[in-house]
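Reviewing the structure listed below.
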């Protein structure tokens with residue numbers, strides 16, 4: 001996933017966008033007061049720079065996670081079996097799992113059924129832990145590349161997303177669409193097509209704020225344009241901060257105006273699940289452990305997002 005992306009194009013066909021915004025998109029997940037959660041990918045990056053493997057010793061990893069005081073976990077999953085193995089460990093450390101992150105391939109017709117069936121199997125197992133949101137980021141043509149999906153592939157993907165979301169809704173789970181940088185190429189063509197061609201009742205939005213920022217050439221303007229267009233569909237936020245474009249070790253002040261984001265979400269009466277995803281990358285400073293960083297992240301997020309949490 002590359003950070004060099006073309007500048008976000010802000011103007012859209014007004015009637016189409018507004019017709020989506022005017023639909024009622026409040027979901028059960030938005031109305032529920034979840035604890036602040038944390039994604040597994042953070043820990044993969046923090047462990048990686050110490051030459052350790054997150055998840056290799058699941059019990060030890062979750063024991064360290066629990067020491068942060070964060071009460072909920074969003075794992076990245078591939079199979080229902082992984083959910084079954086994770087559940088007893090989460091229960092041991094009194095951690096909840098309000099959401100899970102699952103990859104998918106939805107732009108290739110011959111792979112759609114496999115992705116949908118796999119995600120539904122994961123969802124059925126995750127329901128045992130009270131999971132309410134399945135997050136998916138459909139694969140790009142090539143991770144790290146800038147190839148564009150064809151119009152035909154985008155049409156297939158939007159239809160598959162809508163069908164998956166409808167099936168998940170039948171079992172009481174919300175599908176939340178997640179993006180990285182590739183979706184913002186060519187005027188954010190892929191991102192807007194999915195959002196404008198899926199039913200808001202079936203497909204909500206996992207607003208990974210920093211990937212929107214980075215995918216739009218480090219633009220706060222783009223972040224808040226996306227919020228203005230699709231804020232009512234936000235079921236979940238992924239929270240990451242950077243300084244001068246580089247991910248920081250801890251969440252707080254930086255490139256993205258998160259206090260404004262909180263104010264605008266509150267004005268919209270949107271209360272999404274909050275998921276810390278403060279990761280490290282090659283140029284990130286190295287001054288503390290993952291445990292220390294996540295204790296700080298929890299404290300800052302609890303204070304900053306208090307207006308959205310009742």
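No lab work stands behind these numbers, since they all come straight from the coordinates. Note that the structure is a prediction, hence the values are computed from the model and not measured. We place every Cβ from the backbone using ideal geometry, glycine too, and count neighbours over all the protein chains shown.
Name the most mobile residue of 70, 119, 299, meaning the one with the largest mean-square fluctuation, in a Gaussian network model of the chain with Cα contacts below 10 Å.
299
Cut-off 10 angstrom, C-alpha nodes, Gaussian network model of the chain. Which of 203, 135, 226 fluctuates the most?
226
Which percentage, to the nearest 5, of the DSSP beta bridges contained in the chain is antiparallel?
5 percent
When a/c is below 1.5 the answer is rounded, else prolate if a/b is larger than b/c, else oblate, so apply that to the stretch 226-305 with a ≥ b ≥ c taken from the square roots of the Cα gyration tensor eigenvalues.
prolate
Residue 266 versus residue 299, label points 7 Å from Cα toward the beta carbon: distance in nm?
2.2 nm
Among rounded, prolate and oblate, which fits the chain when a ≥ b ≥ c are the square roots of the eigenvalues of its C-alpha gyration tensor, a/c under 1.5 means rounded, and a/b larger than b/c means prolate? Don't skip to the answer; put the middle values down first.
Numbers: a/c = 1.38, a/b = 1.18, b/c = 1.17.
It is rounded, given that a/c, with a ≥ b ≥ c, falls under 1.5.
Sequence gap at least 6, Cα distance under 8 Å: using those rules, report the relative contact order of the chain to the nearest whole percent.
It comes to 24 percent, rounded to a whole number.
Could you let me know the centre-to-centre spacing of the stretch 236-303 and the stretch 74-117, using Cα atoms, in angstrom?
Centre-to-centre (Cα) distance: 24 Å.
Which ordering of 229, 239 is given by a fewest-first count of other beta-carbon atoms within 10 Å?
229, 239
Before rounding to the nearest 500, sum -39500 (n - 2.57) across all DSSP H runs of length at least 4 in the chain and divide by the residue total; then give [θ] at 222 nm in deg cm²/dmol.
About -13500 deg cm²/dmol.
Given springs between every Cα pair under 10 Å in a Gaussian network model of the chain, which of 202, 39, 114 has the largest fluctuation?
114
Compute the Cα gyration tensor for the stretch 184-223, then decide on rounded, prolate or oblate, letting a ≥ b ≥ c be the square roots of its eigenvalues: rounded whenever a/c is under 1.5, prolate when a/b is larger than b/c in the other cases, and oblate in all that remain.
oblate
Of 292, 281, how do they rank once you tally other Cβ atoms within 10 Å and put the fewest first?
With the fewest neighbours first, 292, 281 line up as 281, 292.
Relative contact order for the stretch 107-234 using alpha-carbon pairs under 8 Å, separation at least 6, rounded to a whole percent?
Contact order relative to length: 25 percent.
Which order results if 242, 285, 37 are arranged by neighbouring Cβ count within 10 Å, fewest first?
Fewest-to-most Cβ neighbours within 10 Å comes out as 285, 242, 37.
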